[in-house]
Amino acid sequence: MKPLLDEEKIKETSEFYEQIHRTEMDYLAYWQENTLWQWEFWVSVLFSVVPWVIWFVFRKRGSEARLLLAGLFVILIASLLDFLGVVFGIWHYSGKALPIIPSYVPWDFTLLPVTVMFWLQIKPKSNPFLKAVIFAAISAFIGEYLFEWLGLYTPKEWRSIYSFPIYIVIYLIADRISRTGAFKPLDEN
C-alpha cells in the first residue's frame, strides 16, 4: 500500500529517527557504564519507591481513589512538561533510574504526585491557594535546588522562579480534581 504522505518526507523523517535512536543507544551504553549501580542510581531508585511506601502506610483510608486521581493528573502534567523541557534543551538529568525516559521518574512519578496527595489529605478544608503556594515554594525553591546540588538536575535555560507558578497551577487543579462530587469528601478526622 502506498502511503498518502510524500515518500521523500517519510525518508527524511526516518533519518531523524535513526539519529535519535543512535543517540539513545549511545546514552544507554553511557548509563550502563557510569550510572547503573552507582550512588546516584540508588538515590533515584529510593526517591522512586520510598515515598509511595510512605503514602501507602499513611494515606487517608477511604479517599484513595480521589487522591490517586489527583496524583495521576500530577504525573501526567509533570511528565509532559518535563519531557518538553528535556526535548527543548531547557534542562537535563543525570543519575536516572531508567535511561529510556527523558524525564526524571522520581520527580514526575513519585515526589510531586505523592507530595500533592499528602497535601490534599492534610487539613483538606484549609485554603487551597495557600497550600498551593507552600507546595510550590517547597518544590521550586527547595526541591529543585536540592536536586541541582546533588547533580541530578541541570537547568540550562530555566530558573526555579519559572517553576513556582506552574507548581501552584498544578496543585490547584489537583485540588479541584480531588474535590469532585464523584467521591466521598475528605474529612479532617
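The values are calculated or read from the model by the stated rules, or taken from the named source; none is laboratory data. No experiment lies behind these values; they were computed from the predicted model shown. Backbone-built Cβ (ideal geometry, glycine too); neighbour counts: all protein chains shown.
Annotations for the structure displayed:
- Test: residue in region 104-116 that is in contact (Cβ under 8 Å) with a residue 12 or more places away in the chain, crowded, with 19+ Cβ neighbours inside 10 Å, farther than 29 Å from GLU24 by Cα and in contact with a helix residue (DSSP H, G or I) (Cβ under 6 Å, 6 or more places away or on another chain): yes
- Scanning region 139-156 for residues that are aliphatic (A, V, I, L, M) and surrounded by 14 or more Cβ atoms within 10 Å (Cβ to Cβ) yields a total of 3.
- If you go through region 13-63 and pick out every residue that is surrounded by 10 or more Cβ atoms within 10 Å (Cβ to Cβ) and in a loop (DSSP other than H, G, I, E, B), you end up with 7.
- Which numbered condition SER163 misses (of (1) surrounded by fewer than 18 Cβ atoms within 10 Å (Cβ to Cβ); (2) within 28 Å of ASN34 (Cβ to Cβ); (3) modelled with pLDDT of 95 or more; (4) of a type outside the set (A, V, I, L, M, F, W, C)): (1)
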